[in-house]
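Written out below as structure tokens is the structure these notes cover.
Every number in this text was worked out from the coordinates using simple rules, so none of it is lab data. No experiment lies behind these values; they were computed from the predicted model shown. Positions of Cβ are backbone-derived with ideal geometry, glycine not excepted, and every protein chain shown enters the neighbour counts.
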Amino acid sequence: MSRALLEVEDVSKHFGGLKALDDVSFRVMPGEILGLIGPNGAGKTVCFNLISGVYKPTLGRILFDGQSTEGSPPHEIANKGVGRTFQIVKPFGSLSVLENVLVAQGISKYRAFSKMWSSWRCESEAKRGLEVLERVGLGDLARRKAGLLPLGNLRRLEIARALIVGHKLILLDESFSGLRHEEISRLENLVRSIREDGITVLLIEHNTRVAMGLCDRLVVLDHGRKIAEGHPEEIQKNEKVIEAYLGRKRAKNAA
Amino acid sequence: MAACGLNVIIGYAGQVSLGHAAFVGIGAYTAALLATKAGFSFFLSLPIVLVVSATFGLLLGLPSLRVREDFLAITTIGINFIVEAMFNYVPFFGGALGIGGIPPILLFGSKMKGLGFFYLCLFFLLIVLFVCWWFSRSWAGLACFALREEESAASSMGISPVRFKLLAFVVGTCIAGLSGALSAHYITFISAGDFSFPFSIHLLCMVVIGGMGTLWGPVLGALILGALPEIFRPIVDYRILFYTLLLLLMIRFQPGGLLGESMMVRRMMNKISLRVK
């Protein structure tokens, strides 16, 4: 197997006395869809925030593409090719849908002082932006103000932005929650097509059916610890996982 | 014009600055000192004024932009008072007497007064508007809009928050410095009291009333607030009260400003056109 794209090594994150993440390690291989699942408060989103640079790990190392990234600010990690979405959607409300995507397209321009003065209102940029929007199914809403869109569309808008930034890895934080059935299956297809483009996907999911169907491998967290890792079938049979989700007594009954 | 500069900071980058008068003052004092002590003409000192205001914007912005929203507002008030006190008590700046005898601007050998000066200001205003317009179309501007809306999402897209807030701040202070230099040469006398905290509030009112984040909003705001004291001269004692009332009304009925989103003017036009149909 080739080198891992993302390595999380013995990472802990403490908030005061609370151990939100405790000695968690896992690897994400290039080209795979890895699911991060677990009950509420297991530390999944904390884990995402560590990878994308919002938090700095208390202990441990995070390697992206062989380079250590812990402690770099979010915009530098984004520059390395990591895109992300947020569990609570964060659109640029008063900008249009297309402009939201254009913000992400400027990623290469924000670094060079000389380039940032050129105009973003040009045909070629708009065309590129529209292509991405077309792909996530928002093409006809491009001129609409982002703040007015319903949740499902906003989630897709976030994926569009993450797609542009994350040419190597994208992190999807519960992109499926709160959506209708048809929307979920459309989004599943989208995630699969993203993987086919060679982009690695790490996703957090509450809906276990979606996670089981979509992911190549799963990492299960509970109370900040990794309790299991493996293929979906293995995870489904894992006693610790059943216990974490259903409680000890039910697990016995199920067995 | 200073209102335009403030608009870049507040309207574009979403940073509330309540000390903008300080930067107008820095520009004015730089121009005044250069003119009276070194004998520089306005056009010679202009680049120096811009550099000085930008440097101060950079130095004072660096620490203050690291704190957020309400704290930033308080910090900038502090900056305003410190700068005003500096002008007031350091003898080099003329102390409480201010600096007088600033020569008017010479253009092609003739002194600019009255109408001529007005045209000169108009010319600079157009330049400033052009810079603002360009800024709002540039990637740097877009980065600032994104930061204004959602800082954490913007930084996940490779936008460095400190860098772009600082950029907007420096552009804003530069424009403030320019306007300060112009007014110093026009009035020919400046003192610390001209650049005190109420003036900052006055500028803020212009931006809010005209429309934050719009190109022409601050210009309209400045015109309105510039003309109002003349119109309401009989109630001059109640001017501050009147401003407050105006500001509250604006916040209640037109939070985007007169030229902002869902502007009253456009809505009224829509209504009229519907009736005609």
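Could you work out, residue by residue across B:131-142, how many beta carbons of other chains sit within 10 Å of that residue's beta carbon, and then give the average as an integer? Don't skip to the end; give the middle numbers.
Values: counts 0, 0, 0, 2, 1, 3, 6, 9, 16, 9, 4, 13.
The mean count of partner-chain Cβ atoms within 10 Å per residue comes to 5.
Taking every C-alpha pair closer than 8 Å and separated by at least 6 residues, the mean separation divided by the residue count of chain A gives a relative contact order of 26 percent.
Per-residue packing, averaged as other Cβ atoms within 10 Å, sorts the ranges A:6-13, A:63-70 into the order A:6-13, A:63-70, beginning with the highest. Sorting A:236-242, A:120-126, B:172-178, B:148-154 by their mean Cβ neighbour count within 10 Å, with the most densely packed peptide first, gives B:172-178, B:148-154, A:236-242, A:120-126. Take each residue of peptide A:71-79, count the partner chain Cβ atoms within 10 Å of its Cβ, and average: the result is 5.
Per-residue extension of 0.36 nm, minus the Cα-Cα distance of A:Glu134 and A:Asp197, leaves a gain of 21.1 nm for this segment. By the count of other C-beta atoms within 10 Å, a proxy for reagent exposure, B:Phe242, B:Phe130 are ordered fewest to most as B:Phe130, B:Phe242. Using a simple spin-label model with pseudo-atoms 7 Å out from Cα toward Cβ, A:Ser94 and B:Leu248 lie 2.4 nm apart.
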